[in-house]
Amino acid sequence: MVKQPSIPAAIGRALSPLVKVLENKYYMDAFNEKVLAAGSRALGTGLWKGGDAAVIDGVIVNGSARAVGALASLSRLVQTGHLYGYALVMLLGVFGFMTWRLWPHLTGLFGH
């Protein structure tokens, strides 16, 4: 039991800034929410939009699909379905390969 109730009230008024700091737990909850949690949320948003959406989805997934589509549209131009065109390309390839492989031997025969 307090003999003079005015004494605790006077101490409370005199130390009110300290009491406020202690009641608010040194303002650590506010610091955590405003600085640490907000920074973590900003970092997560940046990695999500910059890393996941832009790089992974934009370049790797959709970029590879666009590259395959572009390559398919180019190959569609040379694929006519006519057998004589394919045979001509095959003969030219065999001629080029044989020339490349036999050229050192042919130059030795003719003294060049």
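Each reported figure results from applying straightforward, stated rules to the coordinates on display, with no laboratory input. Bear in mind the structure is a predicted one, so any value in this text is a computation, not a measurement. Cβ placement follows ideal geometry from the backbone for every residue including glycine, while neighbour counts extend to all protein chains displayed.
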| Could you give me the ³J(HN,Hα) list for segment 50-57, computed from phi with Karplus coefficients 6.51, -1.76, 1.60 and θ = phi - 60°, whole Hz, x at Gly and Pro? | x, x, 6, 5, 7, 7, 5, 6
| request: Would you please put 16-25, 1-10 in order of how densely packed they are, using the mean number of other Cβ atoms within 10 angstrom per residue and starting with the highest? | output: 16-25, 1-10
| What is the extension gain from GLN79 to THR45, computed as 0.36 nm multiplied by their sequence separation minus the C-alpha to C-alpha distance, in nm to one decimal? | 7.6 nm
| request: Could you pull the Rg and Dmax for segment 57-112, using just the Cα atoms, both in Å? | output: 19.7, 61
| What is the Cα convex hull volume of the chain when expressed per residue in Å³? | 259 Å³
